[in-house]
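Before any comments, here is the structure.
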There are 2 protein chains.
Amino acid sequence: MKRGEIRPGEVAGAAPDRADAALAFIGRIRTPFATREDCPRQGSPDGPVCRVEVDAPWRTGLTGLAAGARVELIYWMHLARRDLLLQVPRDARAPLGTFALRSPNRPNPIATSLATVVEVGDGAVVVRGLDCVDGTPLLDIKPERRGSQ
Amino acid sequence: MKRGEIRPGEVAGAAPDRADAALAFIGRIRTPFATREDCPRQGSPDGPVCRVEVDAPWRTGLTGLAAGARVELIYWMHLARRDLLLQVPRDARAPLGTFALRSPNRPNPIATSLATVVEVGDGAVVVRGLDCVDGTPLLDIKPERRGSQ
């Protein structure tokens with residue numbers, strides 16, 4: 001969906017007008033997906049390799065991360081709308097609330113995605129399993145949570 | 001760990017000095033844990049009920065969310081340090097990089113947590129399975145992702 005476009009049944013409120021906390025982009029994610037239309041609906045463990053580039057001040061934080069690890073990547077969906085309250089997904093008949101959907105369009109467009117580390121080195125983590133657009137700003141990398149939680 | 005305290009082997013860089021994007025707190029999470037010391041190490045599906053309060057402008061976004069749903073809650077760990085690059089967890093012998101740990105202390109202190117919805121209504125989602133401190137700022141609610149991704 002392009003910015004400004006809205007489907008029948010969708011409801012937009014105001015975009016957030018507050019800055020309660022500030023995010024620092026700590027790197028960028030390089031993927032083969034040049035536009036949102038090129039992105040798969042969901043990442044796949046056998047998808048193409050993607051390069052999670054970490055900027056110099058944060059690289060020491062990669063210590064201990066190794067090939068084979070399962071990680072949770074947190075990134076900022078910079079192309080998303082922040083004002084939608086009800087949305088009509090492609091495969092749904094009725095509008096659903098933004099908090100009942102994993103749509104990128106949400107008041108704080110933060111994505112969480114699980115991926116497997118292929119290689120770590122040179123200020124970057126190479127992974128498989130992402131579905132985001134090339135150049136997406138990186139917010140965080142964490143080990144996958146353990147257990148059902 | 002209190003602010004300003006650092007364990008042997010830990011390394012702090014500069015806290016982020018950039019504001020690349022602004023977050024809006026869309027509500028607060030009410031838990032029985034008054035301080036960080038009171039919080040369990042990890043939430044449990046049979047833990048106490050917690051109340052995820054959503055502020056008025058965003059409540060329409062709850063449409064379609066119902067009891068029994070598994071949700072991913074995203075929140076801001078407002079008490080965390082943002083400058084640690086290497087950390088020594090309580091149960092570890094050697095320092096590990098922040099990105100190899102799920103510690104709250106990280107450049108962008110965003111938490112993701114899975115929980116089960118007990119009840120939705122009155123501008124709040126009641127859940128079980130959280131481990132955060134009372135008053136934690138809420139950033140987002142999404143359905144749990146499907147499949148291994």
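The values are calculated or read from the model by the stated rules, or taken from the named source; none is laboratory data. The shown structure was predicted, so the numbers you read here are calculated from the model rather than taken from an experiment. Cβ atoms come from the backbone with ideal geometry, glycine included; neighbour counts cover every protein chain shown. Note: accessible area is taken over every heavy atom of the protein model, side chains too, but ligands, DNA and RNA are not part of it. Shrake-Rupley method; radii C 1.70, N 1.55, O 1.52, S 1.80 Å.
A Förster distance of 30 Å, applied to the separation of the beta-carbon atoms of residue B:18 and residue A:93, puts the FRET efficiency at 0.10. Annotation: per residue accessible area for region A:23-143 equals 38 Å², rounded to a whole number [probe 1.4 Å, protein chains only].
Overall, the accessible surface of chain B at a probe of 1.4 angstrom is composed of carbon and sulfur to the extent of 50 percent. Can you list the residues of region B:27-49 that have at least 20 square angstrom less accessible area with all protein chains present than in their chain by itself, probe 1.4 Å? Residues of region B:27-49 that lose at least 20 Å² of accessible area once the other chains are added: B:42, B:45. Burial of accessible area (probe 1.4 Å, heavy atoms of protein chains only) in region B:60-101, relative to its chain alone, reaches at least 40 Å² for B:60, B:61, B:63, B:85, B:99, B:100. Taking the inverse of the mean 1/r over every pair of distinct Cα atoms in chain A gives a Kirkwood hydrodynamic radius of 16.6 Å. Oblate is the label for the protein assembly as shown, because a/c, from the alpha-carbon gyration tensor with a ≥ b ≥ c as root eigenvalues, is 1.5 or above and a/b does not exceed b/c. Each of B:130, B:22, B:100 was placed along the dipole of chain B (beta-carbon charges, centred on the mean Cα), and the one lying farthest toward the positive end is B:100. Interface area, chains B and A: about 5300 Å² of buried accessible surface, summed, with a 1.4 Å probe and ligands, DNA and RNA left out.
Working ranking of peptides A:28-37, A:50-59, A:131-140 by packing, defined as the average number of other Cβ atoms within 10 Å per residue, highest first, is A:131-140, A:50-59, A:28-37. What shape does region B:107-148 take by its C-alpha gyration tensor, where a ≥ b ≥ c are the square roots of the eigenvalues and a/c under 1.5 counts as rounded, a/b above b/c as prolate, and the rest as oblate? Judged from the Cα gyration tensor, region B:107-148 comes out oblate (a/c at least 1.5, b/c at or above a/b).
Which net charge results for the neighbourhood of residue A:88, defined as the other residues with beta-carbon distances under 13 angstrom from its beta-carbon, given Lys and Arg at +1 and Asp and Glu at -1? Net local charge, residue A:88 excluded: 0. Proximity of backbone amide H atoms, modeled 1.01 Å from N, is registered between residue A:9 and no other residue at under 5 Å, excluding neighbours fewer than 5 places apart on the same chain. At a Förster distance of 35 Å, what's the computed FRET efficiency of residue B:35 paired with residue A:118, Cβ-Cβ distance as r, to 0.05? Taking R0 as 35 Å, the efficiency between residue B:35 and residue A:118 is 0.30.
Each Lys or Arg adds one and each Asp or Glu subtracts one; over the other residues with Cβ under 12 Å from the Cβ of residue B:126, this totals 0.
Cα centroid separation, region B:118-143 to region A:116-143: 29 Å.
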